[in-house]
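Data first, discussion second: the structure below is written as structure tokens.
The values are calculated or read from the model by the stated rules, or taken from the named source; none is laboratory data. Small disclaimer: the values here were computed from a predicted structure and weren't measured. Glycine also receives a Cβ, built like all others from the backbone with ideal geometry; neighbour counts cover every protein chain displayed. Ligands, DNA and RNA are excluded from the accessible area calculation, which covers all protein heavy atoms including side chains. Shrake-Rupley method; radii C 1.70, N 1.55, O 1.52, S 1.80 Å.
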Amino acid sequence: TLRALVKEGGLRLKSPTQNPSSPSWQRELFRYSFMKREKVALLLKHLPHRDRSCRVVDLGCRQGVVSLALSEKSGGSWVFADVAPRPLGEARKVLGDRIVLVGERLPFPDDSFDVVLCLDLLEHVVDDRLLMAEVARILKPSGRAYLSTPRSGGCLFPRLRRLFGLTPEVYGHVREGYSLEELRTLSQDAGLKVLFQGAYARFFTEAVETVLNILFHLKERGGSRDRTGKISPSDEGGWRGDSLLNRLYRAVYPLLRAVTLLDRLIPSRGHATFLEVTKDVQPLPSSSH
């Protein structure tokens, strides 16, 4: 069972203390997010509905915004984890106590999970090669891992962000991101076989998200940061705290949504990478007689 799995890894799993279906700021934020909704839609194409016996670990749950949407729609028994303690208090309100604080070395036994999610986490850790090796170690040979990161390179949006003080450090990044080739190499070096590669968040979606990040950063300049930086709300106060701005954003949301839909008309590269991988288990050599 999931409880025995976590116990074997030296962890204590408590029963959820709050009904995950209760109203929350995480649900509202997801509803009004562009990139998060696009990410979840892409993942759900590769994550068919799974029964309760399917074990899933989400290694970058942060405040639970994306994790909540995915776990409700794809099924399975979930463990949620992150490398920073601060966001986990907010995540616990919607995900219950199925939450583990981890480092680059993961506290789970070998071949533990059918599905491993490592979404927008690699760019936040110092030793990304170690984390990828750990993803391969805890993944079952028949399982799947899903990776997403910001795409490195490009000129317009990185320069625009830096102009307003949004350096990688403000985002909580150790590195800007990865190209698809870099992410493929990192995965293959860990013994993972790439099954699918793609990208999302094309020009207009990235433009809208960048502007929103800049506005939030300017509003919250000087505030404390977790690993996600200070570019989006990290708690209920950050989302609902300024009711005037909140109402204004909701009012202009349909217009911003229309802008992001222009991505369907103009071909462009996605600004976030996406990989589906599996453990590349080599067959044992036949013994000679």
Being within 20 Å of residue 114 (Cα to Cα) and outside any helix (DSSP H, G or I) is the filter here, so list the residues in the stretch 73-100 that pass it.
75, 76, 77, 78, 79, 80, 81, 82, 98, 99, 100
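Which of the residues spanning the stretch 120-135 are of a type in the set (A, V, I, L, M, F, W, C) and open to solvent by less than 10 Å² (accessible area, probe 1.4 Å)? Please lay out each step first, then the result.
Taking the stretch 120-135 as the starting set, the residues that turn out to be of a type in the set (A, V, I, L, M, F, W, C) are 121-122, 125-126, 130-133, 135.
The answer is 121, 122, 125, 131, 132, 135.
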Suppose we filter 105, 62 for residues that are touching a residue at least 24 places away in the same chain (Cβ under 8 Å), part of a loop (DSSP other than H, G, I, E, B) and crowded, with 20+ Cβ neighbours inside 10 Å; which single one remains?
62
Could you list all residues from the stretch 22-51 that are touching a Gly at 6+ places or on another chain (Cβ under 7 Å) and either open to solvent by less than 10 Å² (accessible area, probe 1.4 Å) or free of Cβ contacts under 8 Å to residues at least 60 places away in the same chain (or both)?
26, 49, 51
Do we have residue 194 as open to solvent by 20 Å² or more (accessible area, probe 1.4 Å) and either of a type in the set (A, V, I, L, M) or part of a loop (DSSP other than H, G, I, E, B) (or both) here?
yes
Could you tell me whether any residue of the stretch 131-146 is more than 15 Å from residue 191 (Cβ to Cβ), modelled with pLDDT of 95 or more and not aliphatic (A, V, I, L, M)?
yes
Considering only residues of the stretch 117-130 that are in contact (Cβ under 8 Å) with a residue 60 or more places away in the chain and either in a helix (DSSP H, G or I) or β-branched (Val, Ile, Thr) (or both), which is nearest to residue 168 (Cα to Cα)?
124
Matching residues in the stretch 237-268 - criterion: being in a helix (DSSP H, G or I), at pLDDT below 85, within 26 Å of residue 89 (Cβ to Cβ) and not polar (S, T, N, Q):
237, 238, 239, 240, 245
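Here's the yes/no breakdown for (1) free of Cβ contacts under 8 Å to residues at least 60 places away in the same chain; (2) touching a helix residue (DSSP H, G or I) at 6+ places or on another chain (Cβ under 6 Å); (3) assigned to a strand (DSSP E or B):
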site: 170; (1), (2), (3): no, no, no
site: 182; (1), (2), (3): yes, no, no
site: 198; (1), (2), (3): no, no, yes
site: 204; (1), (2), (3): no, yes, no
site: 208; (1), (2), (3): no, yes, no
site: 211; (1), (2), (3): yes, no, no
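Restricting to the stretch 178-199, what's the tally of residues that are aromatic (Phe, Trp, Tyr) and over 22 Å from residue 125 (Cα atoms)? Walk me through how you get there before you give the answer.
Kept after step one, since they are aromatic (Phe, Trp, Tyr), are these residues of the stretch 178-199: 178, 196.
If we keep only those that are over 22 Å from residue 125 (Cα atoms) as well, we get 196.
Going through the stretch 178-199 one residue at a time, the tally reaches 1.
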In the stretch 167-181, which residue that is buried (at least 18 other Cβ atoms within 10 Å of the Cβ) and at pLDDT 85 or above is farthest from residue 208 (Cα to Cα)?
180
Which members of the stretch 228-270 meet the condition of being open to solvent by less than 40 Å² (accessible area, probe 1.4 Å) and closer than 25 Å to residue 175 by Cβ?
228, 229, 230, 231, 232, 233, 234, 270
